[in-house]
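Asker: Quick one: the structure is below, questions incoming.
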Amino acid sequence: MTPEPLKIVLIVDATNQHQIRAFLQQLNHNEVELLSVVIEESDLCLALPQVDIIVLVVSTLDSHAFKLVNQVRHAYALPLVVIGNTQDQTIICEVFRRGVQEYLNQDQVTASRLLQTLQSAYARWQWFKQHNAVLQCCCSSVDKHATLNNTLGQGLKTHFAANTFSTFHQIIAQANDAIAIIDLQGYYIEQNLMHRLLLGYSDAELAGKTPAIHFGDQVFRAIYQELVQNDYCYREVISRTKDGKLLHIELKAFTVRDFQNHPICYVGIKKDITERKLVSSIVTQRDRLLEGVAAATNQLLTTKDFTEAMCLALATLGEAVKVNRVYIFENHIHPHTGEPLMSQRFEWTDSTVTPEINNPKLQNLAYMDFFPRWYQTLAAGKLVRGIVKDFPEGEKKILEPQDIISILIVPIFIEEKFWGFIGFDECRYQRQWTEAEESILIAVAGSIGGAIVRRRTEDALSKSEIRNRALLNAIPDVMFRISKDGDLLDFNGSRNFDLHVPESDFLGKKLTDFLPQTVSGKIMSSIKQALTSGEMQLIEYQLPINGKIRDYEARMVVCGEDEVVSIVRDISDRKRGEIELRKSKEAIEFVSKAKSEFLATMSHELRTPLNAILGLSQILHQEIFGALNAKQKEYINCIYGSGEHLLTLINDILDLSKIEAGKEELTLALVQVHELCESCLSIVGDRALKKGLQLTREIDPQATCCFADERRVKQMLLNLLTNAIKFTPAGKVTLRVQKVPQGIAFTVSDTGIGIAPEHIQLLFQPFKQLDSRFNRQYEGTGLGLALTRKLARLHGGNVTVKSTLGKGSDFTLLLPDYPQYALPTEDCNDDQNQQVSSFFNYSPRILIGDDNHNSLILGYLKAIGYEVKQLKKTRDFLSQVRDFKPRLILLDSQLSDCVIMTLVQHLQQDPQLQMIPVVVMTETIEACDRFLAAGVKECLSKPIGIAQLESLLMRYFN
């Protein structure tokens, strides 16, 4: 049974009430339930029914807070947890002395720790509440016998052993905390199992001993004295277990008194907080190191002198990492041999070690002679670390004379090249470096690399200043230096740029003094925007020059804090060219549009007489109005065939003009690839047979279906197949279908005449064939491939070609699996499914119970717009039906006959659900008869085809 959640009331007298409330709300609602928040002290008199625990949040633990604690303790007989801002042990002890179960420092509150504290306080309260009567009896009995014996500790032990000690023993034995009892002289009386497990001492080993055995005399005396004076003691102390292990212990001790308020014993509750202390120590050490790294990084960034910046940064790092020496070595190459060398460049040491910065032995050290391991390791981006005595002999000869005991070496990379390293020496003890320290010091090496890059950059900028100025002078445009107020400060002219005015007319003046207001205002606005954003601004403007309007382009580039450089170019010729190009483009577009409209109109006008020709020729061929001789039949067949060819041509023209006019609309549906290919091959089969060509197919089993306009895909494939047969005198034509990452690829390959590379670009242009010889030898208009490519791109795909003259061609039609807006999958979210439903404007619901054997049917139904849900569990079948409200339930016999019969029976018994039709997909007629007798509407025989499924949907969804 799931335990009831703890019901909490939050009493707030602090500014951070929202933080504590947020923590409570983060907790699992199955564990904690926040009933209310009390802010006003006047509300403390309110009744709090069904409350398990009270949380009191105070801003300051002062007299007002203690008064509030007393008010809460007297108003409600409930466990109380206080959250405050002090770490003063004396104040915390006073809080516990006033009856508080737990105390938390608000800076250390987390959701998990708050939950643990609440559960612990509530459990302890329930424990004392449950055994209060027994405890009072024990105290009364001890008090009576204490008067008969001057030695209270011995009398207490004797009496407990004789009468009530066994009962009290059961009480503390059942507790989850480590609990021990000592007498008034400080000697152990009893401990529970958790106390034995914590310290490792048996009852016999603690008999006649005080807690000094594990706390030490000094600590125990302080605890004992505080208990005697205050009746309560709360401390975090270090305790040694029997096997010598040191533990951090949270101790809560209090005095047990009898009805006459005489002390009879002391109870101590211990909690192991070693792990928490260790984490706190690691965090403190990490924070100190991070502060040092931040300070060192700041020194590298803000100190202008590079050498001074490096020395300050190393000193800061040495103190933060708490090592004796920090240094930087730079790599360089031997001028003659080319071998890698290293030399010390910077160093910091504390007062306990001797600096080595002037040691000549640390200059031009050959890696391969002394530190080959270091070079390989550091160049790979890894660290060198460890105790020097464990290093190879060659390394120890260099390191041990410097009194280095432990060492850490971090590589420095500049522009992904191994530049050198920074080293940290510990000369006092064997130090093991933590992962956190190493990670932070790797970042330090990056900062040092950045400082070196900055210095290199500054040097490069200084050396290139003259060269850059020369390059500026060589720019063919004119440049003006303009202040933020519009003062023209300087300019750099060009031989090819005619200013049309002398310098005296503009130099040193404001833009508004010599430019029209519209132009000067536009320039000033771009200057302001450039200075604000720091980005280059591009503007264009016109000026009247010698009676003519000229066009100019100006780029505003920030130069300093309050200046820009304006690079001005005369673009009058370019503007005139753009105007001419625009006019030409508009003329071409007008002609193209007129052509498309003409073709569309003519195609429609030609259909009317053509329909009469085709219809009358068919009637004559059927000899309805009399018999025909052989010659008449031949002529009629010729008339009908020519009419069919002309109709195909007109349809192609009409399709092409509709696509170019943007009026073609696709009717998308799920297309079975195998059936589509077989249909196309059967249509062109006779034509290939007449030419003696071999017609083959290669269809990838994974290419099952695509989402497209079936009529248009068939039209595209027939165009490609017909062309392949037409231009293949002998050999074979192959249709190859492959599933590729981009979708499905239909490739038509032939062994025909092929295409020359210079002619391939003409293939997809309307009314184009390769040359006049082909026009005479092969019939056609040249529309097929142009129409095919446009239809493919309308689907989001494409048609590509590979060909070799005299050997054959490969035409590939690539169609995406699904348009982005069309087909959902089982992984689609609700929004995507809604988009699909709106696309088809129809979304009836179907519930499928198929035991995961009909994913194709599930995907197909979703693709054509049905809202489908899969029955995952049969236990809550009726609730799923009520929630989903399907109009059809489709079950698979894989669910077993018994399950299906039971589900149908449940539906029949529910008046609201019995009208929902149930269809079962089965493999045997015998099972179908049983299902129909049970109330199933109909059965479908496996395997289920698309046509069979469509017929079913038409019956139940009209």
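Asker: How much length would be gained if the chain were fully extended between Ser879 and Gln914, taking 0.36 nm per residue of separation minus their Cα-Cα distance, in nm to one decimal?
Answerer: My answer for the length gained is 11.2 nm.
Asker: Another one. Using alpha carbon coordinates only, what is the Rg to Rh ratio of the stretch 322-420, with Rh defined as the Kirkwood radius?
Answerer: Over the Cα atoms of the stretch 322-420, Rg/Rh equals 0.94.
Asker: Seen from all sides and averaged, what is the projected area of the convex hull of the Cα atoms in the stretch 219-374, in nm²?
Answerer: 16.9
Asker: What's the ranking of 785-794, 670-679 by average number of surrounding C-beta atoms within 10 Å, highest first?
Answerer: Descending packing order for the listed peptides: 785-794, 670-679.
Asker: Further, regarding this structure: Could you name the aspartates and glutamates whose alpha carbon sits less than 12 Å from that of Lys575, not counting residues in the same chain fewer than 8 places away?
Answerer: Answer for Lys575, where 12 Å is the Cα cut-off: Glu540, Asp551, Glu553, listed by chain and number.
Asker: Report the gain in length on full extension from Glu458 to Glu589: 0.36 nm times residue separation, minus Cα-Cα distance, nm rounded to one decimal.
Answerer: The span from Glu458 to Glu589 would gain 41.6 nm if fully extended.
Asker: Suppose R0 equals 25 Å. What FRET efficiency, 1/(1 + (r/R0)^6) with r the Cβ-Cβ distance, do Phe413 and Val353 give to the nearest 0.05?
Answerer: The computed FRET efficiency comes out at 0.35.
Asker: If I histogram all Cα-Cα distances within the stretch 172-279 using bins 10 Å wide from 0, what percent of pairs lands in each bin?
Answerer: 14, 51, 30, 4, 0
Asker: If you count, for each residue, the other Cβ atoms within 10 Å and average over each peptide, how do 301-307, 407-413, 883-889 line up from highest to lowest?
Answerer: Answer by packing, highest mean first, reads 407-413, 883-889, 301-307.
Asker: Report the calculated FRET efficiency for Asp485 and Lys67 (r = Cβ-Cβ distance, R0 = 60 Å), to the nearest 0.05.
Answerer: 0.35
Asker: Sticking with this structure for a sec: Kindly write out, for the stretch 76-93 in residue order, the coupling ³J(HN,Hα) from the Karplus curve 6.51 cos²θ - 1.76 cosθ + 1.60 (θ = phi - 60°), rounded to whole Hz, with x marking Gly and Pro.
Answerer: 9, 8, 9, x, 10, 10, 10, 10, x, 10, 10, 10, 5, 5, 5, 5, 5, 4
Asker: Thr518 versus Gln761, label points 7 Å from Cα toward the beta carbon: distance in nm?
Answerer: Between Thr518 and Gln761, the label points sit 4.3 nm apart.
Asker: Could you work out, for the stretch 845-957, what percent of all Cα-Cα pairs fall into each 5 Å distance bin, beginning at 0 Å and stopping at the bin that holds the largest distance?
Answerer: 2, 11, 25, 27, 21, 11, 2
Bear in mind that the values in this text are calculations on the coordinates, not laboratory data. It should be emphasised that the depicted structure is a prediction, and the values quoted were computed from it without experimental measurement. Every residue, glycine as well, gets a Cβ built from its backbone with ideal geometry; the counts of neighbours run over all protein chains shown.
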